[in-house]
Amino acid sequence: MSGTGDPDARRRPDLAVRLGGLSLPNPILTASGTFGYGLEFAHLAALDRLGGIVTKGLSLQPLKGNPPPRIGEPRGGMLNSIGLQNIGIEKFLAEVLPGLGRFPAQVVVNLFGYEFDDYARLAERVDASAGVAAVELNVSCPNVTKGGIEFGHDPVLLERLVRSVRNVTAKPIAVKLSPNVTSPVAIGEAAKAGGADILSAINTVLGMAIDPWTRRPRLHTTRGGLSGPAIKPIAVRIVYDVAKKVGLPVIGIGGVETVDDVIEFLLAGASAVQVGTALFRNPRTAENLVDGLAARLVEMKVERVSDLVGGVLPWREG
Amino acid sequence: MQPIDTSARVVEVVQHPLPYYSLVLDGPEAWSATLPGQFVMVECSDGLEPYLRRALSVHDVSKTDRGARIELLVKIVGPGTRALAAKRPGDRVAVLGPLGRPFGPAGGVASDGDVPADTRPVALVAGGVGSAPLLLLGRRLLDEGVCFDFFYGGRGAVDLARLQAFTAIAEASGGTLIATTEDGSAGQRGLVTAPLGERLAAGRYRKIFSCGPMGLMKRLAEMSAEHGVAGEAALETPMGCGFGACLGCAVELMDGRFALCCKDGPVFASDEVKW
């Protein structure tokens, strides 16, 4: 241990966090679908400074995705309907994962299936890969008719689904929650009952936009997922509710761009955050947040980032 | 070259007849390697509208004492391009680039001794602000000693931004500029495909390079096929990131696959795209 009285020791706050069995060097991850498979950013961002990388959602077979237009830009955010286009789990494991091994960032593999059994088959396939730190189950993509969305909206089905994955992998399981349900807490509790270790909240908010001149929806699929700063208050509310009531570690997602945003999610009860759409605006957003968070903790005289988790102060008791 | 994300300095905003302008930026020396058809992603606002950067074609590039200078030819179409038009000299804007697959060769080179080289000119076809990437292409063709005609179509005279620069470079290559407007306020009245069609029928061109509205490029692809002339088109789609991460800029190909406009394009062979 470093000697007492080392003035520098106080200048380096402890950013490491632990969520169930998932240990991260810092609480800043990149969100699924916004960082490709990681390597797309290797020349634009310092991957070695991130806490973790969550891959684009992977399925058993490659998927070609939805027809264009796939994105729109309502004020303060982004509306997308990519349709889970991906290279498939086999190609990812063979060609991408080895390249990610040289970075300390933990690799979380986002998985989605069309059929109930797809999730366990995917998790089984990933279980043997030492380079995978955890799996994140996408049961809440709004952009494909059968993209697991029914699993994420039905607590009974979800509990069974998570259990089927639990049975085939010892890796930490995160379940990504949809905001498009009446009670995210009920869904989170079902995930916990099935054996989930972590809750990721939230996926995109179902939305729609129309071009006033052409009269057509901005997206070919009409509806899509809203992300970016516009959805942050929705995400903070759900993180707060889920963290308080379910009792699993939570990863906050939704409009994270500034250090204030990170602190807000931590205070609401998140143990870590994922940066998403902001990476498209600035590919260095995540690594800048790692530095900015460290500086802020010094300013706040907080030694460990984990000390902030759930630290929101109530206006009154009860 | 790998794209660079840089804080570029605004040199000036050159007004053309509204709604067109040129944004001139100083940045790193590496920009001078920008190829015709490539684009940059430019942050337009510090705020929330638009939240994402805008993809803009590089119109021109030159070296400076300490780096390189790019010119972006822009049409005001929404909040992003409007915000950029209000930039002042000395302002900083985040610019990522150069990005994307550039225009290919003019072709016509003899592949074996028995077939003579095709030395016919090439046609550059611009619809409105689609002219943006074609100046740099013209410069390249000039360097290669390739003669080209420049077809410039617009709704009215204002849509023919930088007309004199395009005229000068086409004539320097030994070709001519043919302007058309739908309202007849400049050049010939009508669509740019009319004079192009006459010359294609006469067998004047060996290749067509184009950029403009999707409807125009679709028609050009048909004309390329009808006359057996190769074509390349630079496409414009909504783009989230510009470097292949968001998968938002899908372009459907004839084989049914989705290509990404930002990485696989923006330049595509015209017979490759499902228009």
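Numbers for the structure displayed
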quantity	calculated
Part-to-part distance (alpha-carbon centres) for the range B:188-221 and the range B:252-270, which is given in Å	21 Å
Residue with peak Gaussian network fluctuation, chain A [Cα springs, cutoff 10 Å], from A:Gln61, A:Gln274, A:Gln106	A:Gln61
Length added when fully stretched, B:Met1-B:Ala194, from 0.36 nm per residue minus Cα-Cα	65.6 nm
Relative contact order computed over chain A (Cα-Cα under 8 Å; 6+ residues apart), in percent	21 percent
Shape call, the range A:86-136: gyration tensor on alpha carbons, a/c limit 1.5	prolate
5 Å-binned pair-distance histogram of the range A:86-236 (Cα, whole percent)	2, 9, 17, 19, 18, 15, 11, 5, 2, 1, 0
Links that overshoot a 26 Å alpha carbon limit, given the list A:Lys171/A:Lys245; A:Lys91/A:Lys176; A:Lys91/A:Lys192	A:Lys91/A:Lys192
Trypsin sites (Lys or Arg not before Pro) within the range B:65-118, DSSP loop, no more than 14 other Cβ atoms inside 10 Å	B:Arg66
Qualifying trypsin sites (Lys or Arg not before Pro) in the range B:212-257, DSSP loop, other Cβ atoms within 10 Å at most 15	B:Arg257
When chain A is reduced to its Cα atoms, the Kirkwood hydrodynamic radius in Å	19.6 Å
Solution diffusion estimate, µm²/s, Stokes-Einstein, the range B:42-157, Kirkwood Rh from C-alpha pairs, 25 °C, viscosity 0.890 mPa s	145 µm²/s
Extension gain (nm, one decimal) between A:Val156 and A:Thr258, 0.36 nm per residue minus Cα-Cα	33.0 nm
Zone of A:Arg12's modelled label, taken as backbone nitrogen in the range A:285-318 under 20 Å from a point 7 Å along Cα→Cβ	A:287-307
Shape of the range A:40-125, Cα gyration tensor, a/c cut at 1.5	oblate
Formal net charge of residues neighbouring B:Pro266 (Cβ-Cβ distance under 13 Å; K, R +1; D, E -1)	-2
Where only C-alpha atoms are counted, convex hull volume of the protein assembly as shown per residue in Å³	187 Å³
Efficiency of FRET from Cβ geometry, B:Val14 and B:Asp271, R₀ 41 Å, rounded to 0.05	0.65
Cα gyration tensor shape for the range B:90-164, rounded if a/c is under 1.5, else prolate or oblate	oblate
Scattering curve values for the range B:99-244, log₁₀ I(q)/I(0), Debye with Cα scatterers, q = 0.09 Å⁻¹	-0.27
Estimated FRET transfer efficiency when R0 is 25 angstrom, pair B:Ala225-B:Glu182 (beta carbons, to 0.05)	0.50
More than 19 Å apart - percent of Cα-Cα pairs taken over the range A:168-246	47 percent
P(r), alpha carbons of chain B - 10 Å bins starting at zero, rounded %	7, 30, 36, 22, 5, 0, 0
Relative contact order (%) - chain B, alpha-carbon pairs under 8 angstrom, separation at least six	17 percent
Cα-based Rg of the range A:179-221 normalised by 2.2 N^0.38 Å, two decimals	1.79
Cut-off 12 Å (backbone N to label point 7 Å along Cα→Cβ of A:Lys245), residues of the range A:185-203	A:185-190
Degrees between helix A:285-300 axis and first principal axis of chain A (Cα, 0 to 90, nearest 10)	30 degrees
Cα centroid of the range A:96-122 to Cα centroid of the range B:1-77, whole Å	38 Å
Mean Kyte hydropathy of -1.0 or more with a Cα span along the axis of at least 18 Å, helices from DSSP in chain B	B:214-227
Relative contact order [Cα under 8 Å, 6+ residues apart], the range B:1-157, whole percent	27 percent
Debye, to nearest 20: dipole size of chain A, +1 on Lys, Arg Cβ, -1 on Asp, Glu Cβ	540 debye
Principal-axis tilt of helix A:259-268 within chain A, Cα atoms, nearest 10 degrees	90 degrees
Diffusion constant of the range B:1-76 at 37 °C, which comes from Stokes-Einstein with the Kirkwood Cα-pair radius and 0.692 mPa s, µm²/s	252 µm²/s
Summed residue charge, Cβ within 14 Å of A:Arg223's Cβ, Lys/Arg positive, Asp/Glu negative	+3
Spin-label model distance (nm) - A:Val312 vs A:Glu90, 7 Å beyond Cα toward Cβ	4.6 nm
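Rule-based calculations on the coordinates, nothing more; no lab input. Quick caveat, the model's predicted, so the values are computed rather than measured. Methodologically, a virtual Cβ is constructed for each residue, glycine included, from the backbone with ideal geometry; neighbour enumeration extends over all protein chains shown.
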